[in-house]
Amino acid sequence: MKKLLYRFHNFKYRYKLMILILIVGIIPTLIVTCYMQMGMMNTLKEREMENMQESLKQAVDAIDDQAQIYENLIDYLSYSGDLRKVLKMERASDFNTYLKYTQVADPLLNMPQVYHKEIKGITLYADNIQVAHGSTLAPLSEIQGESWYPRNNRSLIRWYVQTGSQNKVIVARKFYDGSSEINAVLKITLDYNKLFEPFEKIMESDFAGIVWDENGNVVYSCNKIPAKYETGKVDTISEVQKSFSSVTKEMEGNQWKFCYFCPTDTIMESARYLMLKNLPLLTACILLIGILSYFFSRRLVCKLEQLTENMNQIHSGIREVTVQSDSKDEIGVLIRTFRRMMDEINKLISEVYEAKIVLQRTEMRALQAQINPHFLYNSLSIINWKAIEADEQEISKVTLALSTYYRTSLNRGETMTTVVSEMENIRAYLKIQLIMHDNSFRVEEVYDNTMGSCEIPKLILQPLVENAIDHGLDVSEKIEKVLRIKVVHDELFLYFMVEDNGNGMTEEKASQIVTYRSKGYGVRNVNERIVLLYGEENKIRVESKEGEGTRVCIRIPKKKENGHEKQETKN
């Protein structure tokens, strides 16, 4: 079972889908077919039993109608006044007795045989008849030992079937006489085969029938069941019902029980034949399900297979999406998503390729930059030496400040620096600015040396100082112009503040400083680097009032130069 599941797991999706469609289609078809076949078999069996019941009813009713005729006839004769006179007459002479027998008794007892061929004879037995007269009259002593002889005084009709060399049916009853002076019995002998002929006519091939009297004795049987269905001798209704499909009916007059039966397999053979007739249709349905499952699985998986093939092509290096779909199902969404993903990948690949080109150019520029600073430092060193030689202290001072400024700005190509290096950079820059502005403003500095080794992004103060000079102090008409630089700290953060006492600005304009796109390395660039490194909560804050000045503040989490983060805030 595990091997089958493993093999099924490794099948192509089309084959999996095809197998599932076959299972989902064939199993319900087989269930419905079996259910319908069972229903048809039960229906056929019920219909066959109904037909058997109807046939038996018609046969029994026909026999019962004939039996009613015989009972009415024997009742009529038992109440006959002429026969009573014959039985009560005094014996004058044998001739007169003979005349009475031939003129009265014989016509009454022989005439019914003319109209009813199944009547073999009618005999009147009486105790005052000494000598039998043909087949019509006989002494009562001849039948008193017979099993069918009615021994009680009740005027009941008794039916008896006598079997042997000649089977015959006897109907007998006592002769009616209100005075009890006559002791006589009427007997009608019937043709055995004629009486049961309606029952025998319904005995088709594979059928059988049995008739029991009121005592449970078999009085008639007919068997046309093939030998292969025989189950042994059956003499009782329970044995028949146990081994065969049967129906029974009791005749009202004489309480005979008729049983009509056949082997159950003969009924089932019709159902099996019907099932065999339906087998081609079932086979056609299964074949149709197989064909439809093939086409449906192929249709449903077609786009998925194209997508898989396209992915294999991309894996081999051909980055072109050839599969398309405008359907809104999951596969269509997957194909469109794959197309968008490949577009993004191609775009990223192009960007990476372009970035590599830019990187190569940058590396070249960096290489050149490694050469240019040495040339610049050497040039500044010569200028400084010449200035000292010429006793030009002002030029020497500017040259040294410019050299310090470029050294700390370049910082060997690193993007991060220390607080002490940043302070050297801004001091050198301010020396140059003071000389350029003829010392028109005063610089105040507050700086704690204990945080000099903390790591910060380089060049975060110079753009702020330049902005304060250009847009604050230079446009101010105040006599005393002051630029304050304050660098302090607490347990968690470093705080950098650049403040001027220039003209100031409105709050709206102050809020635009950090977003203003300048041509140079401005405040906006510093803010973007701060936000990128330390989060939006540490962005530059600008405070300003018109006529009073402007303050720009930066907050940076403490971090030692060796990379060990002392402590950072969590927002």
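Residue-wise test of (1) touching a Lys or Arg at 6+ places or on another chain (Cβ under 9 Å); (2) at pLDDT 90 or above; (3) over 15 Å from L464 (Cα atoms).
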position: H489; (1), (2), (3): yes, yes, yes
position: Q512; (1), (2), (3): no, no, no
position: K519; (1), (2), (3): no, no, no
position: E543; (1), (2), (3): yes, yes, no
position: E548; (1), (2), (3): no, no, yes
position: K566; (1), (2), (3): yes, no, yes
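Here G81 passes the criteria (1) more than 59 Å from the chain's Cα centre (by Cα); (2) crowded, with 16+ Cβ neighbours inside 10 Å; (3) modelled with pLDDT of 80 or more; (4) not aromatic (F, W, Y) except the one numbered (2).
Among the residues of region 231-265, just one is touching a Pro at 6+ places or on another chain (Cβ under 9 Å) and either exposed (fewer than 15 other Cβ atoms within 10 Å of the Cβ) or modelled with pLDDT under 80 (or both), namely T231. For region 521-528, the count of residues that are aliphatic (A, V, I, L, M), surrounded by 19 or more Cβ atoms within 10 Å (Cβ to Cβ) and either modelled with pLDDT of 90 or more or part of a loop (DSSP other than H, G, I, E, B) (or both) is zero.
Go through Y273, Y260 for me and flag whichever is closer than 23 Å to K45 by Cα, of a type in the set (S, T, Y) and outside any helix (DSSP H, G or I). Selected residue: Y260, the only one of Y273, Y260 that is closer than 23 Å to K45 by Cα, of a type in the set (S, T, Y) and outside any helix (DSSP H, G or I). Is it true that some residue in region 30-49 is closer than 30 Å to E305 by Cα, within 23 Å of the chain's Cα centre (by Cα), surrounded by 12 or more Cβ atoms within 10 Å (Cβ to Cβ) and touching a residue at least 40 places away in the same chain (Cβ under 8 Å)? No, region 30-49 has no match at all.
Do you know which of the residues in region 161-178 that are out of contact with any helix residue (DSSP H, G or I) (no Cβ under 9 Å at 6 or more places or on another chain) and of a type outside the set (A, V, I, L, M) is nearest to Q144 (Cα to Cα)? Filtering first and then ranking leaves G164. Residues of region 89-121 that are loosely packed, with under 13 Cβ neighbours inside 10 Å and basic (K, R): R91, K117. Among what's in region 1-55 and is under 30 Å from K249 (Cβ atoms) and among the hydroxyl-bearing types (S, T, Y), pick the residue that is modelled with the highest pLDDT. Restricting to residues being under 30 Å from K249 (Cβ atoms) and among the hydroxyl-bearing types (S, T, Y), the top hit is S55.
Total residues in region 1-29 satisfying the condition of being more than 18 Å from the chain's Cα centre (by Cα), surrounded by 11 or more Cβ atoms within 10 Å (Cβ to Cβ), free of Cβ contacts under 8 Å to residues at least 12 places away in the same chain and part of a helix (DSSP H, G or I): the figure is 1. Looking only at residues in region 157-209 that are of a type in the set (G, A, S) and farther than 30 Å from E269 by Cα, the one that is surrounded by the fewest Cβ atoms within 10 Å (Cβ to Cβ) is S165.
Tell me, which residue of region 412-441 that is in contact with a helix residue (DSSP H, G or I) (Cβ under 7 Å, 6 or more places away or on another chain) and either within 17 Å of C454 (Cβ to Cβ) or charged (D, E, K, R) (or both) is surrounded by the fewest Cβ atoms within 10 Å (Cβ to Cβ)? Selected residue: E424. When we screen V60, V86 for residues that are of a type in the set (V, I, T) and touching a strand residue (DSSP E or B) at 6+ places or on another chain (Cβ under 7 Å), the only hit is V60. Selection of helices (runs of 4 or more DSSP H) fully inside region 189-246 by the criterion of at least 2 residues being under 30 Å from L73 (Cβ atoms) returns 192-195, 197-201.
Looking at the structure I just gave you, is Y115 over 60 Å from the mean Cα position of the chain (by Cα), aromatic (F, W, Y) and at pLDDT 80 or above?
The answer is yes for Y115.
Among the residues of region 189-230, which ones are at pLDDT 85 or above and of a type in the set (A, V, I, L, M)? Once the filter is applied, which keeps residues that are at pLDDT 85 or above and of a type in the set (A, V, I, L, M), region 189-230 yields L190, L195, I202, M203, A208, I210, V211, V218, V219.
The values are calculated or read from the model by the stated rules, or taken from the named source; none is laboratory data. No experiment lies behind these values; they were computed from the predicted model shown. We place every Cβ from the backbone using ideal geometry, glycine too, and count neighbours over all the protein chains shown.
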